[in-house]
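Before any comments, here is the structure.
Nothing in this text is a laboratory measurement; each read-out follows from the coordinates by a stated rule. For clarity, every value in this text was computed on a predicted model and none was experimentally measured. So basically every Cβ, Gly included, is an ideal-geometry build from the backbone, and we count neighbours across all protein chains shown.
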Amino acid sequence: MLLRGLSRLVAARRSCWAAGRRPLGSGSQVICEQTLVAVKPDGVQRRLVGEIIQRFEKRGFQLVGLKLVQVPREVLSAHYHDLEEKTFYPALIDYMSSGPIVAMVWEGQDVVKVSRTMVGATSPTQALPGTIRGDLCVDISRNAVHASDSVEVAQKEIALWFHHSELVQWKCCAHSNIYNV
Ligand code: TYD
């Protein structure tokens, strides 16, 4: 048990270094996990960008990448390749390429899992109140926001949407008020 925890910690610290990031924290906390969050065209059109950013900032996560983009169809096809066979796929690609998207990389402890919880279920009708989709959306095809669904997928999506030089490492002066480090 102890050994498994230790080897998970060593692996997490190694993956920070491998990604060119210094692992912060000690003990069981390794704080360098990153995720891709994107405000979709409906969220941008409905002026929800500020509200969505604020939720992640207030939670205590750190913004390390941010841009407004009209995403090329090739990038969207790669991003959603596992949904290719779904009936809604063509409409999804058309829709996601129809207008600007705000793409972000957020960093923090368990940021992938926590972001998915904050975003809520894919269908807004199933999303709980308090989640972004549960508070701000009604239709599954206009669910305002994307968040990566696993650490491996997050790493792939960040590499697909961002060039390494677009990510900024910065020291957060509130760090010791957010983490016990
Ligand atoms: P998916 O990856 O299953 O969900 P999530 O965004 O929660 O990870 O689906 C990607 C997007 O495809 C989803 O956010 C909205 C759209 N979509 C539809 O338009 N209709 C559907 O029936 C489903 C399941 C998804």
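How much length would be gained if the chain were fully extended between residue 94 and residue 141, taking 0.36 nm per residue of separation minus their Cα-Cα distance, in nm to one decimal?
Details: separation 47, 0.36 × 47 = 16.92 nm, distance 1.12 nm.
Full extension from residue 94 to residue 141 adds 15.8 nm.
Report the far tail of the P(r) of segment 102-152, meaning the percent of Cα-Cα pairs longer than 17 Å.
On the way: 433 of 1275 pairs.
Of all Cα-Cα distances in segment 102-152, 34 percent exceed 17 Å.
For the peptides 162-174, 45-57, 137-149, what is the packing order when you average, over each peptide's residues, the other Cβ atoms within 10 Å and list the highest mean first? Before the final figure, lay out the partial values.
Numbers: 162-174: 11.2, 45-57: 15.3, 137-149: 18.6.
Listed from highest to lowest mean packing, they are 137-149, 45-57, 162-174.
Could you tell me which of the pairs 58/156; 58/113; 113/156; 67/113 are separated by over 19 angstrom between their Cα atoms in the structure shown? Don't skip to the end; give the middle numbers.
On the way: 58/156 26 Å; 58/113 17 Å; 113/156 16 Å; 67/113 23 Å.
In this structure, 58/156; 67/113 exceed 19 Å between Cα atoms.
Using only the Cα atoms, work out Rg/Rh for segment 39-124, with Rh taken as the Kirkwood radius, to two decimals. Don't jump to the answer; show the numbers that get you there.
On the way: Rg = 13.8 Å, Rh = 14.2 Å.
Here Rg/Rh amounts to 0.97.
Using bins 5 angstrom wide from zero, how does P(r) for segment 24-178 break down, in % of all Cα pairs?
Here the calculated profile for segment 24-178 is 2, 9, 18, 22, 23, 15, 7, 4, 1, 0.
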